[in-house]
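The structure appears right after this line, and notes come after that.
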Amino acid sequence: MKFVLRRLGFYLMAAWASITLAFLIPRLMPGDPASAMFARFKGQLKPEAMDALRQAFGFSDAPLHQQYLSYLGHVLRGDLGVSISHFPASVNTVIGGALFWTLLLAGVSVVLSFGVGTALGVISAWKRDGKLDRFAPPALIFLGAFPYFWLAMLALFLLGFELGWFPLGHAYADHLTPSFSWGFIGSVLKHAILPALTIVVATLGGWMLSMRNTMISVLGEDYISLAQAKGLHSRRVMWTYAARNALLPNVTGFGMALGFVLSGSLLTEIIFSYPGQGYLLIQAVRSLDYPLIQGLFLTITLAVLGANWLVDIAYAWLDPRT
């Protein structure tokens, strides 16, 4: 418990530093969001509207420390301001809409890739020199050697454009309205299969090889030989004794991958025009939407810190010596 609380204190400090950086960076850049929005309307807004826009985006002539305290108050209340490119929608609303699609696509893909890759690594090491161990690692290394965006574009061209098995982009059919109907859910799944498949194929080899190598090292430990000498069932020795101890490096990697789910699917969402966080970040950068960039930066940072804290809890559970 002391370890988990100590790590929680560290992550709270890191979160405070991230929030402070998110406040300072836009103010160190030339111009401000209100000026960018004023310029975009090309004279359609009156000069008097500039002050109102600056107030709406949290920029004022008040001393910096007062702006900082005001900013902290807004962040603690969950108020991230108003988006420029989606004006007058709030940043919370815009990010919330994209967050669902990112979690659905990248979250499910990473969990699936981690689970399948880890299980394949355990079985491959346990049945060393078997068929799975001889064919799966070279095949997955071969697939993993291709640049991810090239693999995604190849799958999109062959399976989507040439064969027409999957849609070419977006999260659901254009003529459908989001609802809990079977038609809409089926359309969402059909649109998600191809981008999710490319993520799983591109990352599966890493999980498998990492788990296989650690598992082989663990299988040489004395307590494994002792468990086998006591006549314990082979499945119990494989999963409870060997896999549990070999899992620790993969759990660390899983925490990082889970944290970067919100931003790591950037290329996937661009290639497949999937309306998630990564696609939204590109749009925000192109339109100089500082509040939205700031909100996405905070969301991604806090997700990484939160995922790593959860990994620390899992680590303490898997290895009580921590």
Long-range amide H partners of Val82, meaning residues 5 or more apart or on another chain whose placed amide H is closer than 5 Å, are Val91
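Largest first, how would Glu221, Glu162, Glu269 line up by accessible area (1.4 Å probe)?
Glu162, Glu221, Glu269
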Near the amide H of Phe146, under 5 Å away, which other amide H atoms are found, from residues 5 or more places off or on another chain, if H is placed in the peptide plane?
none
Keeping all protein chains in position, work out how much accessible area Val111 exposes to a 1.4 Å probe, and write it in Å² to the nearest 10.
80
To the nearest 10 square angstrom, what accessible area does Asp79 show with a 1.4 Å probe?
70
Could you please put Lys190, Lys127 in sequence from largest to smallest accessible area, using a 1.4 Å probe?
Lys127, Lys190
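Please list Trp101, Trp16 from largest to smallest accessible area, probe radius 1.4 Å, with all protein chains kept in place.
In descending accessible area the options line up as Trp16, Trp101.
The values are calculated or read from the model by the stated rules, or taken from the named source; none is laboratory data. In this text the structure is predicted, and so the values were computed from the model without any measurement. For accessibility, only protein heavy atoms count, side chains too; no ligands or nucleic acids. Shrake-Rupley method; radii C 1.70, N 1.55, O 1.52, S 1.80 Å.
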